[in-house]
Amino acid sequence: MLPREFIVAWMLVFLVILPNIFNPCSCQLEPRWAAKKRHVMREKVRKMFYHAYDNYMTHAFPHDELKPLTKSFTDSLSELGNLRLEHLPQDYNGSALTLIESLSSLLIMGNSTEFERAVLWLSQNITFNVDARVNLFECNIRVLGGLVSAHILATDSTNRLVHGAYKNQLLILAEDLGKRFLPAFNTPTGLPYAWINLKYGVMVNETTETSTSGCGSLILEMGALSQLTGDPTYEYVAIRALRKLWSMRSSLNLLGTTLDVVTGDWIEYSAGIGAGVDSFYEYLFKAHILFGKEEFWRMFHSAYLAVQKYFRHGPWYHEADMRTGKATYWQLTSLQAFWPGLQVLVGDIAAANSSHREFFHVWEKFGVLPERYLLDHQMLHPTEKYYPLRPELAESTFYLYQATKDSWYLKVGESIVNSLNLYTKVEGGFASVKDVTTMQLEDHQHSFFLAETCKYLYLLFDDSFLVDRNYIFTTEGHPLPVLRDWHDRLPESYIPTNWSFAQSEKQARRASAMSLQVCPANDNQQVESACHITDARADHRCFTDEECGVDSTTCRRRSCSMAGYCGLWLLV
Ligand code: DMJ
C-alpha cells in the first residue's frame with residue numbers, strides 16, 4: 001500500500017496541474033490589450049450608431065425607417081412581417097419607429113441630452129389613432145417595448161434627466177397602444193390575431209393564421225405595462241395566450257410554427273428555434289426572470305429540454321416535426337444565432353460556446369450571416385441570401401463575453417464591426433445586404449440595427465451602463481429592470497442574473513441563472529468539459545462546486561477543482 005501522504009501529495013499535484021493542462025479553451029485574459037481594444041472598438045461602434053441615427057433623423061424622421069441608398073424613408077410599421085404594402089392615410093407621417101427604437105441605445109451610449117429631446121418630441125407628437133394595419137408582434141416588441149423601456153429609463157433618477165419636463169407621457173402613449181392591441185385577443189381561443197388596425201381593431205376577413213412567436217412572445221412588454229399602470233388586463237391576455245399555446249404542444253413538448261387563432265389547430269407542424277418560433281422560447285425564460293413565476297420556468301425547462309433533444313445535432317439545430325420529433329429541414333437560419341445568448345442566461349455555457357463558434361464560422365465564410373443556409377446541401381438557400389443587418393450574432397457574442405470574459409469574443413465583435421463597415425456602410429446610413437454572394441445592397445436600414453445590432457456591439461466593448469443595474473433585454477434589445485416588486489415570489493433556487501453585478505467583487509458568489517439540469521440531446525456524445533464557469537468572474541476561477549452547474553453534454557454535475565476550474569474532474 002502506498003503511504004497516505006503520498007496519495008494526498010499526488011492528488012494535490014493532479015488537482016492543481018491537470019486542470020490547467022486540460023483546460024480546453026484559450027480564455028486567458030489579456031487585460032491591457034483588452035482594455036485598449038475595447039475602448040477603440042467602443043468608439044467605432046458609437047460612430048456606426050450615429051451614422052445610422054443622424055442619417056435617419058436627417059432623411060427619414062418622423063417616418064419609420066431610413067432608406068439609406070436613396071436617402072429617403074419608408075413608413076414600414078405597417079409593412080413589418082408583411083410583404084404587401086398596406087393602405088395608409090395620405091397625411092400619415094409615420095410613427096418615428098427608428099427614433100423609438102433608438103431611445104435606450106442613446107442612453108446606453110451616454111447621450112442623455114438626445115434621449116431627453118427624443119422623449120419630449122415623442123410625448124408631444126405621436127398618436128396611435130391611425131388607420132394603419134400593423135403586425136401585433138412587431139408593434140409590440142418595437143413600439144410598445146421601446147416606449148415602456150424608455151419610460152422606465154426616463155424615470156430612473158440615475159439617468160440624470162431634467163425630470164420636470166417628463167410627466168409619464170411615454171407610459172400614457174404605451175397604455176394607449178396596449179389598449180389598441182386588446183381587440184386582437186378577442187378570439188375563441190384567446191390566441192391573438194397577427195394583425196390589428198390601430199384605429200378600427202380587427203379588420204373584416206382578417207387572416208386567422210399566426211406564428212408561435214407571434215402569439216407567444218408578448219408577455220414581457222404586456223406584463224411590464226400591467227406592472228407600470230396597475231391594470232392587470234395586458235398581462236392577463238398575454239398569459240392566457242401563452243397558456244393556450246403551451247397546451248397545444250405535442251407529447252414531445254414540441255410546438256409547430258404556424259397555427260389558426262380561431263380553431264387552435266396547427267397549420268405548420270415543423271418547427272425549430274428560428275423564424276416564427278425563436279422569441280417564444282426566449283420569452284418563457286425571460287418572463288421567469290422578470291416576473292419570478294415558476295409556471296414560466298416549468299414551461300421553459302420542458303421546452304428547452306425538448307429543443308436540445310429533438311433539434312440539436314452537435315452545435316447545429318435543425319427543424320423537426322412536433323408530432324414525431326423526426327428531422328424535417330436541415331437549415332441554419334440567421335435568426336437562430338440568438339440561441340447561444342439565451343443559453344448563456346440559462347447557464348448552459350458550453351453548448352452556447354460551441355453553437356456560437358459555428359455561427360461565427362458561417363459569418364466569416366460569407367462576410368455576414370446569410371438568412372438561410374442549407375446544411376444538408378452545404379449551400380445557400382436560393383432565395384434567402386440576404387442579410388438585413390440582423391443583431392443575433394452580436395447579441396450572443398455580448399452574452400458569451402459577459403459570462404466568460406474570454407477575449408476571443410471581443411475579436412468576434414471586432415470582426416462583425418469591420419464587416420458591417422466594409423459591406424453595409426453607405427453615405428446615407430447602413431444598408432441591408434440583398435445577396436451575400438455579391439454583397440449587393442438593398443435600400444433599407446431596419447430599426448433593429450439601432451435598437452439591437454449597435455447596442456449589443458457597444459455593450460460588448462463597454463458595459464458600464466449595466467454596472468449596478470439589473471436588466472433583462474427584450475427580444476428587440478429594450479432593457480427592462482428586474483425588480484423584486486414585479487416578482488410574484490422569488491423562487492428559492494434562483495437569484496436573478498445580473499451580469500454587471502457579477503463582475504463586482506461585492507458579489508463573490510452568485511448562482512447561475514439556473515443551476516442547470518439540462519440533459520444532453522443524445523447518448524454517446526463526446527464528453528466535453530468547458531473551462532467556462534457559469535458566472536462572469538473575470539479570472540475564470542470558481543470557488544465552489546455550486547458555481548459550476550451541470551455539464552451540458554453529459555448532464556453530470558461539474559465540480560470546482562482546487563486550481564479553481566470547473567470541470568468533470570474525476571477525483572474531486
Ligand atoms: C428583431 O426584430 C427581434 O430580435 C425579433 O425577435 C426577431 N429578429 C429581429 C431582428 O433580426
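The values are calculated or read from the model by the stated rules, or taken from the named source; none is laboratory data. Model, not experiment: these values are computed from the prediction. When we count neighbours, we look across all protein chains shown, and the Cβ atoms used for this are built from the backbone with ideal geometry, even at glycine. Just the protein is used for accessible areas: all its heavy atoms, side chains included, with ligands, DNA and RNA removed. Shrake-Rupley method; radii C 1.70, N 1.55, O 1.52, S 1.80 Å.
Annotations for the structure displayed:
- Interchain or long-range residues, amide H under 5 Å from Ile267's placed H: Thr258, Leu259, Asp260
- For the residue pairs Lys47/Lys293; Lys286/Lys411; Lys179/Lys309; Lys385/Lys405; Lys199/Lys293; Lys167/Lys455, the alpha carbons lie more than 31 Å apart in Lys47/Lys293; Lys179/Lys309; Lys385/Lys405; Lys199/Lys293.
- With distances taken between every two different alpha-carbon atoms, segment 206-287 has a Kirkwood hydrodynamic radius of 13.0 Å.
- Carbon + sulfur, % of accessible area of segment 372-457 - ligands and nucleic acids excluded, 1.4 Å: 48
- Based on protein heavy atoms only, segment 290-362 ends up with 28 Å² per residue of surface accessible to a 1.4 Å probe.
- Gyration tensor (alpha-carbon) shape descriptor, segment 315-474, a/c threshold 1.5: oblate
- Accessible surface of segment 168-233 [probe 1.4 Å, protein heavy atoms]: carbon and sulfur percent: 49
- Peptide packing: for 216-225, 126-135, the average count of neighbouring Cβ atoms within 10 Å per residue gives the ranking 216-225, 126-135, highest mean first.
- The slack between Thr383 and Asp131, meaning 0.36 nm per residue of separation minus the straight C-alpha distance, is 87.4 nm.
- Among 348-356, 170-178, the order from most to least packed when residues are scored by Cβ within 10 Å on average: 348-356, 170-178
- Here segment 252-294 exposes an accessible surface that is 48 percent carbon and sulfur, computed with a 1.4 Å probe and the other protein chains kept in place.
- Only aspartates and glutamates eight or more places from Lys36 in sequence, or on another chain, were considered; those with a Cα closer than 20 Å are Asp406, Glu414, Asp462, Asp463, Asp539.
- Per-residue Karplus couplings for segment 393-398, computed as 6.51 cos²θ - 1.76 cosθ + 1.60 with θ equal to phi - 60°, are listed in order as 5, 4, 4, 5, 5, 4 Hz, Gly and Pro entered as x.
- Average accessible surface area per residue within segment 51-194, 1.4 Å rolling probe, Å²: 38
- The listed peptides 439-452, 139-152, ordered by packing as a protection proxy, come out as 139-152, 439-452 (highest mean of other Cβ atoms within 10 Å first).
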